[in-house]
Amino acid sequence: MGFILAAAGSAVGLGNIWKFPYLAGENGGAAFVLIYLLCILILGLPIMIAEIVIGRHTEKNPVGAFRTIGGGRWVIVGYMGVMTGFLIMTYYSVVGGWTMGYMIKSLSGTISSISSTRMSEDIFSAFIQDPLQMLAYHSLFISATVFIVYRGISNGIEKWTTILMPILFIIILILIARSVTLPGAAKGLSFYLMPDFSKITTKVIIEALGQCFFSLSLGMGAMITYGSYLSRKEKILSSALQIVFLDTLAAFLVGLAIFPALFAVGMTPEKGPGLTFNVLPVVFSKMPYGSVFSTLFFMLLFIAALTSSISLVQVVVSYATDEWGWSRRKAALSTGAAILLLGIPAALSFGAMKDVKIFLGNTYFDFMDKVTTIYMLPIGGLLIAICLGWKYGLNNTMHELDPDTNNVLLERIWALSIKYIAPLLLVAIIGYFGIYSMVK
Ligand code: PHE
């Protein structure tokens, strides 16, 4: 029980509610959704199982795990995971801060006073351009995360989420009901649900793949770390299925709440990282008890973000405590301090540092977001599959799936995916995109 909760808590977060909708919006809507679902099924699910298997088999943090199953240079995969977790946190914490800011805005009545699309957009852009608020909320968010990790109270938080997450789902359902009944919503439904196959481009494929890893918390060892705490009695296949299903459902429902409203109020889907924060307040303002719902929604989103950021920081902290012998306190506080500092340029990327482009016209925020999601996580996933499937060999770990013996067929399919399908597909997609983006 504890494991599924923690893993689902890690998976469901800003990735589902903030990132998925804006990526879908930028990448042709339903075409993106379709490719995303395929990625989840063909790559996400098998790699989720692989990470949990590695974790439970080795009972170690990602670096220790790769030392055991790969040895030699394979530990680099573990280091890369720790690094990726750290880099994701530098901007995840900034968006986590946005959820806190919007909680306050809901409480103070700003959200319910929104009377036009324009007003919602103005509120958001003034907010993210304000250096003081951005830095303050970023600091608060990372402090909250570090506090929980260092006090070792994530268990308590996860128990709370059993009560809180269903409420988040209910609010999303209420939002969907409001959204699809707005005049002009039908256009949004068809944008989100009727794939236009001509929209499937290399960019759509690579971004859907990256989002699949990001949303399921794969490719950097979070699930290895959680798997290492998983009891031998638990069934890995069915746990993985449950986590993947919940995470995908959450993302899908959020899209259903956002796109009908977006078209109804006349926004464009290519809004980028501000999409959710621009659209949902308009929907709340058009609902009875809007400020109650929006306060609850942003509070629950904050908690969902927190249970994900805990898992990101936990990977870094468990590495420092296991490998360097640091105390939990020292590890958590130093990790937090480093994220706080390296997150400053991300916090200022929409205001003071908007024009500071660090690579191919990207702000620091965009760069960190893209590099981790599009490259680091899928490459991590590829190396995980190769190390487990070829270096260590599946025969050594197949017994981890034993309690699930009624699923022999699933076990075989999984083995096939990890050895052949996942590595080949990942090499093809990452390789093609690498070359393609260089030529462009
Ligand atoms: N899956 C989390 C989310 O969707 C983010 C995350 C990515 C967490 C990678 C851990 C590892 O918000």
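The values are calculated or read from the model by the stated rules, or taken from the named source; none is laboratory data. Everything numeric in this text was worked out from a predicted model, so none of it was measured. Heads up, the Cβs are rebuilt from the backbone with ideal geometry, glycines too, and the neighbour counts pull from every protein chain shown. The area values use the complete protein model at the heavy-atom level, side chains included, leaving out ligands, DNA and RNA. Shrake-Rupley method; radii C 1.70, N 1.55, O 1.52, S 1.80 Å.
Modelled spin labels at Glu59 and Phe147, positioned 7 Å past Cα toward Cβ, are 3.4 nm from each other.
Per residue of the chain, what 222 nm ellipticity follows from adding -39500 (n - 2.57) for every DSSP H run with n ≥ 4, rounded to the nearest 500? That calculation yields -23000 deg cm²/dmol at 222 nm. Among Ser215, Ser154, Ser238, the residue with the largest mean-square fluctuation in a Gaussian network model of the chain, with springs joining Cα atoms closer than 10 Å, is Ser238. Note on the chain: dipole from Cβ charges, positive end direction compared against Leu312, Ser10, Leu43; the farthest Cα belongs to Leu312.
Among the GluC sites (Glu not before Pro) within the range 198-274, those in coil by DSSP and having at most 15 neighbouring Cβ atoms inside 10 Å are Glu270. Charging the Cβ of each Asp and Glu at -1 and of each Lys and Arg at +1, and nothing else, the dipole of the chain about its Cα centre rounds to 220 debye.
Among the helices of the chain, those built from whole DSSP H runs whose Cα atoms reach 15 Å or more along their own axis and whose mean Kyte-Doolittle hydropathy is at least -0.5 are 45-58, 75-107, 117-129, 131-151, 154-180, 202-215, 236-264, 275-285, 290-324, 328-342, 422-439. Charged side chains reduced to their Cβ positions (Lys and Arg at +1, Asp and Glu at -1) give the range 163-287 a dipole of some 140 debye around its Cα centre.
Taking θ as phi - 60° and the Karplus parameters 6.51, -1.76 and 1.60, the scalar couplings of the range 397-402 work out to 10, 4, 5, 4, 8, 3 Hz in sequence order, x denoting glycine and proline.
Isolated cysteines in the chain, defined as those with no second cysteine Cβ under 4.7 Å, comprise Cys387. Computing FRET efficiency as 1/(1 + (r/R0)^6) for Asp196 and Leu41, where r is the C-beta to C-beta distance and R0 is 30 Å, gives about 0.90. Loop-located trypsin sites (Lys or Arg not before Pro) in the range 287-393 (DSSP state other than H, G, I, E, B) with a sparse environment of at most 15 neighbouring Cβ atoms within 10 Å: Lys354, Lys357.
Pairs of Cα atoms nearer than 8 Å and 6+ residues apart set the relative contact order; for the range 97-197 it is 23 percent.
Summary of packing: across the peptides 126-137, 78-89, 407-418, the per-residue average of other C-beta atoms within 10 Å ranks them, highest first, as 78-89, 126-137, 407-418. Pair-distance distribution of the range 2-437: all C-alpha pairs, bin width 20 Å, starting at 0; shares per bin in whole percent are 27, 60, 13, 0. For Leu216, nonlocal amide neighbours, meaning residues 5 or more places apart or on other chains whose placed amide H falls under 5 Å from its own, do not occur. The residues neighbouring Ser125, those whose beta-carbon lies less than 13 Å from its own, together hold a net charge of 0 under the Lys/Arg +1, Asp/Glu -1 convention.
Which residue fluctuates most in the GNM of the chain (Cα springs below 10 Å): Ala261, Ala50, Ala144? Taking springs between Cα atoms under 10 Å, the residue moving most is Ala144. Solvent-accessible surface of protein heavy atoms, probed at 1.4 angstrom with all chains present, puts Tyr364, Tyr91 in the order Tyr364, Tyr91, largest first.
Candidates Met83, Leu394, Pro423 compared by Cα position along the dipole of the chain: farthest toward the positive end lies Met83, with charges placed on Cβ. Each peptide in 337-344, 217-224 was scored by the mean count of other Cβ atoms within 10 Å over its residues; highest first, the order is 217-224, 337-344.
Taking all protein chains as they are arranged and a probe of 1.4 Å, the heavy atoms of Tyr229 leave approximately 150 Å² accessible to solvent. Placing dummy labels 7 Å off each Cα toward the beta-carbon, the span from Arg232 to Lys357 is 5.8 nm. Given a 10 angstrom Cα cut-off, can you work out which residue in Gln211, Gln242, Gln314 is the most mobile in a GNM of the chain? Looking only at Gln211, Gln242, Gln314, the largest GNM fluctuation is found for Gln242.
In loop segments of the range 196-236 as defined by DSSP, the trypsin sites (Lys or Arg not before Pro) with at most 12 further C-beta atoms inside 10 Å of their C-beta are Arg232, Lys233.
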